[in-house]
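Report on the following structure.
The values are calculated or read from the model by the stated rules, or taken from the named source; none is laboratory data. Bear in mind the structure is a predicted one, so any value in this text is a computation, not a measurement. Virtual Cβ from ideal backbone geometry, glycine too; neighbours counted across all protein chains shown. Ligands, DNA and RNA are excluded from the accessible area calculation, which covers all protein heavy atoms including side chains. Shrake-Rupley method; radii C 1.70, N 1.55, O 1.52, S 1.80 Å.
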Amino acid sequence: MMENVSGAMIAHPIIEQPNHVEMLVGDQVYRLLDNIEFKQAWTKLYMECSWATAFQSWEFIASWYHVFRSDYIPVLFKSEQENRLTGLLAMAIPASDKTNAESKQGSVRFVGAGEYEAEYQCWIAEPAVCESFITMALTKLLQEYPKAKVIFRFLPPAIPLAWLDHNHKWRSLSVKQSFRRPLLDIKSPLAERAFRINNQYKTKLNRLKKLGTVKFEKVTEPEVFESVLPELSLQFDFRQGGLFNKNQFRDKPLKAEFMKELFRLGLLHVTLLKVNEDIIGSMVAVADRGWVYLQGINTHSPFYAKHSPGILHFLNLGQLLAQEGAEVFDLTPGGDTYKERLATSHDQVYGLLITGSKVLRLKRLIKKELQDYLVRTGRRPMTVELQIKKYLYLLKNRLKKAKKTGYARAIGQLVGRDKNQKQLYVKHLKADLPLSEMHIQKNSLRDILNFEKDTELTRWEFLENTMRLFETGQHAYTWTEGERLMACAWFSYTDFIHPQEPSLINIPALMHFYCHPEASDQFEQFLENVAVIIARDTHEPELYAIDLSSNELLLKAGFKSVP
């Protein structure tokens, strides 16, 4: 009998005995990865396994193990017969669980190798041992680590699961959940229609061509990929930050090194959409054995958002994949609208949790039932979860702020009741004034990502607002010191009802402002510099400022309130 995380005893002991499966951990794995014969045996098994994906290849997993060796402890299960590799399961223990893993006393989380970098996580095996291998491997794992939590993000559809579905002992230890996966069969007649550039997108493409030379290109040289990766990383982190409060490259610098290694090993399919030399759309997709996976980097420039560069890139990519003879574009689970629009068919993949803890299984079951209910009622689980997560995130921040500003005002801001009347200011521009040494940039995503959370504004809110402002055509003037954004002002031409005019007027205006608390004494200088730069760029005689409330700093910077 084994004790679970909550202290309760597992009611059903595991029957299978791991007689022919070897478990390797840590340095044992790294030494084996250096063995050329093992690499060849792995590759042979991978190529012959009908359900294997690119994320089970030696190239992908060995690279991930090596690049992220400070973040994870590698774990391999393998079986051999007559000097032939017959089964392989690659997993890892996050470094945060290292102490419990070494003592084998506390809860230990086992994730599929690749974790969030791998869309699909599973074992590979010869058909004759496909079920006995995985049951033996999991038996050994749970015997070595009684309080383990084993997580497979997604299992591919064709993987044999009879051992799980028909064995009461394993069903009692697991929670399996199905997910709808959209696929684009490149050779299907429906694919040609999905990738056709219709009149709507022809119009957008023609508008792009007026801005410069539009080019769609595939990246084939490592040095070219490494040269564009920093820009792709900025675009990716900016959008991920605004939508999900995540900054993958910024928070995990090793991700870029992992991408470079995968490209060097031939596992990445990289394409760019450009206007002149500006990258306005990109796709860095894992690809192998005729399948291309929407797992990697999918970006578009926020400065060209009104031209739908992401969709235009997808349409060009589909045509290229057809020319190259690719079989399937795996759009991956998620329920995104654009994926459903492109899909020619669907199948089912599976998430799987295995643990002896009744508490953990109950939590996962509750989450599964909630997600299934949302799907049945026509709602996207990820969207609902994100809304809840965001509200709780903002509530936590507002309550912290409330200690200084008062609870009523903080909660009012959270539900959108904190509204102020807009005030118009004007400043006469002089383009010949000298600029200070303050380094100001225009539309720099790097500067924007250097925003630090302060008492007034969360990082999520700032990036979300900035994304919206860029997509509506506004321009950001930023000032940073070191790795910290000190100030930002957004500029655009906008329609405004002048207090002394009966109709709308189109004015050059600063629309929104941000100032770091430590930069308030230099914000006046910042605004003066921005005004000079705008004067030189636009040749306008006046610059307006539209603010939600009276701002003394605007007045100090030479703006006058319009009565």
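Taken together, the criteria exclude residue 412 from residues that are at positive phi, at pLDDT below 90 and either assigned to a helix (DSSP H, G or I) or not hydrophobic (A, V, I, L, M, F, W, C) (or both). Selection of region 141-156 for residues being farther than 21 Å from residue 115 by Cβ and either at pLDDT 95 or above or assigned to a helix (DSSP H, G or I) (or both) yields only 143. Among the helices (runs of 4 or more DSSP H) confined to region 10-109, the ones with at least 2 residues that are of a type outside the set (S, T, N, Q), in contact (Cβ under 8 Å) with a residue 60 or more places away in the chain and crowded, with 21+ Cβ neighbours inside 10 Å are located at 36-48, 58-67. One residue stands out in region 441-462 among those that are modelled with pLDDT of 95 or more and among the aliphatic types (A, V, I, L, M): the one that is surrounded by the most Cβ atoms within 10 Å (Cβ to Cβ), namely 448. Quick one: in region 463-484, of everything that is without any contact (Cβ under 8 Å) to a residue 60 or more places away in the chain and acidic (Asp, Glu), which residue is most open to solvent (accessible area, probe 1.4 Å)? Looking at residues that are without any contact (Cβ under 8 Å) to a residue 60 or more places away in the chain and acidic (Asp, Glu), I get 483. Taking the stated definitions as given, is residue 560 at pLDDT below 90, surrounded by fewer than 18 Cβ atoms within 10 Å (Cβ to Cβ) and closer than 11 Å to residue 427 by Cβ? Here the answer is yes, as residue 560 does meet what is asked. Contact annotation: residue pairs with Cβ atoms under 7 Å, 6 or more positions apart or on different chains, pairing a residue in region 332-343 that is touching a residue at least 40 places away in the same chain (Cβ under 8 Å) with a partner that is assigned to a loop (DSSP other than H, G, I, E, B), are 332/119; 335/380; 339/331; 342/331; 343/331.
Within region 423-431, at least one residue is in contact with an Asp or Glu (Cβ under 7 Å, 6 or more places away or on another chain), touching a residue at least 60 places away in the same chain (Cβ under 8 Å) and open to solvent by 80 Å² or more (accessible area, probe 1.4 Å). Of the residues that sit in region 309-327 and are more than 17 Å from residue 200 (Cβ to Cβ) and open to solvent by less than 20 Å² (accessible area, probe 1.4 Å), which one is nearest to the chain's Cα centre (by Cα)? The selected residue is 317. Name the single residue that is surrounded by the most Cβ atoms within 10 Å (Cβ to Cβ) among those in region 242-267 being among the aromatic types (Phe, Trp, Tyr) and out of contact with any strand residue (DSSP E or B) (no Cβ under 8 Å at 6 or more places or on another chain). Only one residue tops the list, namely 249. Does residue 367 fit the bill of being among the charged types (D, E, K, R) and either closer than 24 Å to residue 235 by Cβ or in a loop (DSSP other than H, G, I, E, B) (or both)? So residue 367 does not fit the description; no. One residue stands out in region 501-512 among those that are over 16 Å from residue 427 (Cα atoms) and either open to solvent by 70 Å² or more (accessible area, probe 1.4 Å) or in contact with a Cys (Cβ under 9 Å, 6 or more places away or on another chain) (or both): the one that is modelled with the highest pLDDT, namely 504.
Identify all residues within region 194-229 that are of a type outside the set (Val, Ile, Thr), free of Cβ contacts under 8 Å to residues at least 24 places away in the same chain and assigned to a helix (DSSP H, G or I); write none if there are none. Residues satisfying the conditions are 199, 200, 202, 206, 209, 210, 223, 227. Exactly one of these conditions fails for residue 258: (1) in a strand (DSSP E or B); (2) within 30 Å of residue 360 (Cβ to Cβ). Give me its number. For residue 258, the exception is condition (1). Examine region 111-123 for a residue that is at positive phi, touching a residue at least 24 places away in the same chain (Cβ under 8 Å), small (Gly, Ala, Ser) and crowded, with 24+ Cβ neighbours inside 10 Å, and state whether such a residue exists. Yes: region 111-123 contains one or more residues that are at positive phi, touching a residue at least 24 places away in the same chain (Cβ under 8 Å), small (Gly, Ala, Ser) and crowded, with 24+ Cβ neighbours inside 10 Å.
State all residues of region 265-296 that are among the hydroxyl-bearing types (Ser, Thr, Tyr) and touching a Lys or Arg at 6+ places or on another chain (Cβ under 9 Å); if no residue qualifies, say none. Scanning region 265-296 gives a single hit, 271.
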